[in-house]
Amino acid sequence: MEEEFRLYGDDFDQDAIRQWFWEEAEYHNQFQQGRFREPPQLYQRFDWYWVLNPYFHPRTGAKVLDFGCAEGQALIGLPAERRDFAYVGVDASESLLKAARARNPRGEFRRMPDDGRIPAADEEFDYVVVLGVLHHVPNVRHYLEEFHRILRPGGRLILREPNHAMGRPVGSHRILPGLSPNERGIPTEYLTQQLTRLQMRIVAVRPAFHGLVVKLLRRWKPDSPRGWQAVIGVDRILNGLTRGRARYERTRLWDKIAPTASYVVADKGP
Ligand SMILES: C[S@@+](CC[C@H](N)C(=O)[O-])C[C@H]1O[C@@H](n2cnc3c(N)ncnc32)[C@H](O)[C@@H]1O
């Protein structure tokens with residue numbers, strides 16, 4: 001348990017939390033602008049097929065939070081008939097929020113403060129969608145509690161996070177090329193345990209081979225639904241073949257042949 005605390009920052013004091021928060025916000029201010037500008041990115045296609053199409057069905061007028069929204073691209077790219085909801089984006093990076101506001105004049109955008117309290121009222125949202133964000137935050141358990149606080153009873157949380165150490169083993173703060181100063185994956189079991197502790201009902205857990213498949217797809221870009229069904233089919237088969245052998249730290253080549261991300265869908269109780 002102590003190791004878990006160290007890994008996910010749940011034992012950090014306020015100074016450590018603030019320092020981590022600003023390092024990540026600054027990294028995204030400086031290096032991530034424009035990166036999200038060309039939808040659909042390959043991983044957004046995965047999001048659609050793995051989790052949004054099956055599990056994201058807001059009714060007309062529902063309120064949806066896109067937490068860690070970057071330039072607001074993840075949900076804005078949905079088909080028009082699936083976009084009839086009130087969109088709120090929250091992010092720590094002021095420059096990404098500025099780009100998001102310019103791109104999505106109908107959306108509402110709020111800046112995340114460094115005290116970890118999400119700028120939202122209790123039970124404000126029908127859906128909270130968090131795609132690739134928790135692995136950048138300093139104290140994961142606290143953020144999960146916040147998502148629970150701001151979901152209405154019966155509301156749905158949708159997560160996608162890398163599920164391995166990303167080359168940064170427990171306790172290491174090694175600077176790694178291409179990674180932000182602190183990011184590290186989060187084991188899927190940790191997420192499901194914490195959500196269960198909050199008495200949320202786990203609706204789905206879907207590991208995905210993002211990394212490997214996205215690399216292969218850089219050459220072959222399927223742009224038809226059929227092509228994508230084939231990709232997801234291959235991902236499913238790979239998941240079946242490697243079931244149960246995904247480690248958090250992956251040093252041997254053999255360990256690297258495993259899903260790199262997981263989707264988790266959980267509902268708040270009534
Ligand atoms: C990898 S990007 C994911 C963007 C988007 N959700 C997507 O799927 O394309 C991570 C985002 O999390 C934001 N972020 C990092 N730390 C955060 C925090 N503590 N609170 C809110 N957003 C944060 C970053 O600024 C960045 O926009």
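The values are calculated or read from the model by the stated rules, or taken from the named source; none is laboratory data. Just so it is clear, the model here is predicted, and its values are computed rather than measured. Note that we place each Cβ from the backbone using ideal geometry, even for glycine, and neighbour counts take in every protein chain shown. We work out accessible area using only protein heavy atoms, side chains counted, and drop any ligands, DNA or RNA first. Shrake-Rupley method; radii C 1.70, N 1.55, O 1.52, S 1.80 Å.
Listing for the model above:
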{"quantity": "Inter-label distance for residue 42 and residue 252, nm, one decimal - labels placed 7 Å from Cα along Cα-to-Cβ", "calculated": "2.7 nm"}
{"quantity": "Histogram of C-alpha separations across segment 162-261, 10 Å bin width, %", "calculated": "13, 37, 34, 14, 1"}
{"quantity": "Heavy-atom surface of the chain, accessible at 1.4 Å and reported per residue (Å²)", "calculated": "49 Å²"}
{"quantity": "Binned Cα-Cα distance frequencies in segment 70-110 - 5 Å width, integer %", "calculated": "5, 26, 36, 21, 9, 3"}
{"quantity": "Paramagnetic reach from residue 121 in segment 141-176 [backbone N under 19 Å; point 7 Å along Cα→Cβ]", "calculated": "146-156"}
{"quantity": "Filtered GluC sites (Glu not before Pro), segment 54-113: DSSP coil and at most 16 other beta carbons within 10 Å", "calculated": "none"}
{"quantity": "Heavy-atom accessible area order for 268, 63, largest first, 1.4 Å probe", "calculated": "63, 268"}
{"quantity": "Qualifying trypsin sites (Lys or Arg not before Pro) for segment 99-157 [loop in DSSP, other Cβ within 10 Å: at most 14]", "calculated": "106, 117"}
{"quantity": "Using θ = phi - 60° and Karplus 6.51 cos²θ - 1.76 cosθ + 1.60, couplings along segment 125-138 (whole Hz; Gly, Pro as x)", "calculated": "10, 7, 9, 10, 10, 10, 10, x, 10, 4, 6, 9, 9, x"}
{"quantity": "Diffusion coefficient, µm² s⁻¹, Stokes-Einstein with Kirkwood Rh over alpha-carbon pairs of the chain at 4 °C and 1.567 mPa s", "calculated": "68 µm²/s"}
{"quantity": "Of the chymotrypsin sites (Phe, Trp or Tyr not before Pro) in segment 189-255, those whose Cβ has at most 11 other Cβ within 10 Å and which sit in DSSP loop", "calculated": "220"}
{"quantity": "Within the chain, percent of DSSP bridges classed antiparallel, to nearest 5", "calculated": "40 percent"}
{"quantity": "Cα centroid of segment 118-132 to Cα centroid of segment 50-102, whole Å", "calculated": "11 Å"}
{"quantity": "5 angstrom amide H check on residue 68, placed H, neighbours 5+ away", "calculated": "90, 91"}
{"quantity": "Fraction in percent of alpha-carbon pairs per bin - 10 Å, segment 72-150", "calculated": "16, 52, 30, 3"}
{"quantity": "Amide proton proximity set for residue 203, modelled H, under 5 Å, gap of 5+", "calculated": "265, 266, 267"}
{"quantity": "Estimated dipole of the chain in Debye, rounded to 20 [Cβ of Lys and Arg +1, of Asp and Glu -1, Cα centre]", "calculated": "1300 debye"}
{"quantity": "Solvent-accessible area, 1.4 Å probe, carbon plus sulfur percent, for the chain", "calculated": "53 percent"}
{"quantity": "Three-way shape call for segment 44-93 based on the alpha-carbon gyration tensor, with the a/c threshold at 1.5", "calculated": "oblate"}
{"quantity": "Modelled FRET efficiency - R0 51 Å, residue 179 with residue 60, Cβ distances, 0.05 increments", "calculated": "0.80"}
{"quantity": "Net charge contributed by nearby residues that have their C-beta within less than 13 Å of residue 97 (K/R +1, D/E -1)", "calculated": "0"}
{"quantity": "Span-like helix ranges in the chain, DSSP H, alpha carbon extent 15 angstrom or more, Kyte mean at least -0.5", "calculated": "225-241"}
